[in-house]
Amino acid sequence: MPELNLKASTGLVEGVSNEVFLITTGFVVFLITLFVKFKSWVGSPRTALIHPESETAVTAIRQRLEPRSSASRDSTAQCPVCLDSVQYGLETNCGHLFCGSCIITYWQTGRWLGPIACPNCRQTVTILLNSFTAEELQEDSEAKNRVLQEVRNYNRRFSGEPRTIWEYIQDLPTIFRHAIGDLFSEEGMVFVFRARIYICLTIAVLYLLSPLDIIPEMAVGILGLLDDLVILFLLALYISMIYRSVVAQRASATLNPHED
Ligand SMILES: [Zn+2]
Ligand SMILES: [Zn+2]
């Protein structure tokens, strides 16, 4: 019996109860997993294989496409539709990259009643984001203007589709990356949106730095960071929602060029 008592009083780590130790370890592992996952999401647009259900539609498009003569593009990203290097790249909200003309042809030749399903992952494409190279941004060609026009056309129709909170979370890495990119790009955005995003970022920094926390770091160690993460996550989600309205606003601005 005394042996049992001794066992019960000895924790895995001296001075810390087993429960606290296990919860903390579990939480750290969870954070690392989340970080690794998020990093691979945020990293860059993904190019992947075609989803089996999109195979027929994509094969049909491949036969339509004219072979491309110039292979001047420096990017190594490959378009999963034409299997050539990406030209006038468009990124879907699910983070998949295609040539502008490929994804537009996929939309226009398919029998879609609403927004298209991503050829890669079948997720509903509610927004198409420009992912042009620096070179392409400078260019002024008919092909490029056609892509830009069709993108606005697409976004005007579908960026307002009702979305679940889970879909917002899934799209967060891609949308957030474009939001921050546009914030510092020449293309810019309307002052009101820019100001709102700056306010969000400022709040995030202030909250991280301020000693006023919902759960103080000092008291419970690593668990105290949880509330900071939640706040940062909510702010990122809010920024991605603002950015969606930026894109929608851009699309409709070209419809009524004289309205502000
Ligand atoms: Zn392509
Ligand atoms: Zn996708």
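The values are calculated or read from the model by the stated rules, or taken from the named source; none is laboratory data. Just so you know, these numbers come straight off a predicted model, no measurement behind them. Note: ideal-geometry Cβ built from the backbone for every residue, glycine included; neighbour counts use all protein chains shown.
Per-structure values
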quantity	calculated
Extreme residue, modelled with the lowest pLDDT, among residues of the stretch 178-191 that are more than 12 Å from Tyr238 (Cα to Cα) and assigned to a helix (DSSP H, G or I)	Phe191
Qualifying residue in the stretch 146-164 (condition: surrounded by fewer than 17 Cβ atoms within 10 Å (Cβ to Cβ), under 17 Å from the mean Cα position of the chain (by Cα) and assigned to a helix (DSSP H, G or I))	no
Selection status of Asn130, without any contact (Cβ under 8 Å) to a residue 24 or more places away in the chain and either in contact with a His (Cβ under 9 Å, 6 or more places away or on another chain) or under 17 Å from Arg250 (Cβ atoms) (or both)	no
Filtered residues of the stretch 97-110 (kept if within 16 Å of ligand 2 (Cβ to nearest atom) and surrounded by fewer than 22 Cβ atoms within 10 Å (Cβ to Cβ))	Trp107, Gly110
Count of the stretch 75-127 residues which are in contact with a helix residue (DSSP H, G or I) (Cβ under 8 Å, 6 or more places away or on another chain) and of a type in the set (D, E, K, R)	2
Residue match in the stretch 133-149 (condition: within 16 Å of ligand 2 (Cβ to nearest atom) and either in the same structural domain as Thr56 (by TED's automatic domain parsing) or not hydrophobic (A, V, I, L, M, F, W, C) (or both))	no
Subset of the stretch 77-135 [in a loop (DSSP other than H, G, I, E, B), near ligand 1 (Cβ under 9 Å from one of its atoms) and not polar (S, T, N, Q)]	Cys79, Pro80, Val81, Cys82, Leu83, Asp84, Val86
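This table checks each residue for (1) in a loop (DSSP other than H, G, I, E, B); (2) surrounded by 12 or more Cβ atoms within 10 Å (Cβ to Cβ); (3) modelled with pLDDT under 80.
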{"residue": "Phe176", "(1), (2), (3)": "no, yes, no"}
{"residue": "Phe193", "(1), (2), (3)": "no, yes, no"}
{"residue": "Arg196", "(1), (2), (3)": "no, yes, no"}
{"residue": "Thr202", "(1), (2), (3)": "no, no, no"}
{"residue": "Gly224", "(1), (2), (3)": "no, yes, yes"}
{"residue": "Asp227", "(1), (2), (3)": "no, yes, yes"}
{"residue": "Leu234", "(1), (2), (3)": "no, yes, no"}
{"residue": "Tyr238", "(1), (2), (3)": "no, yes, no"}
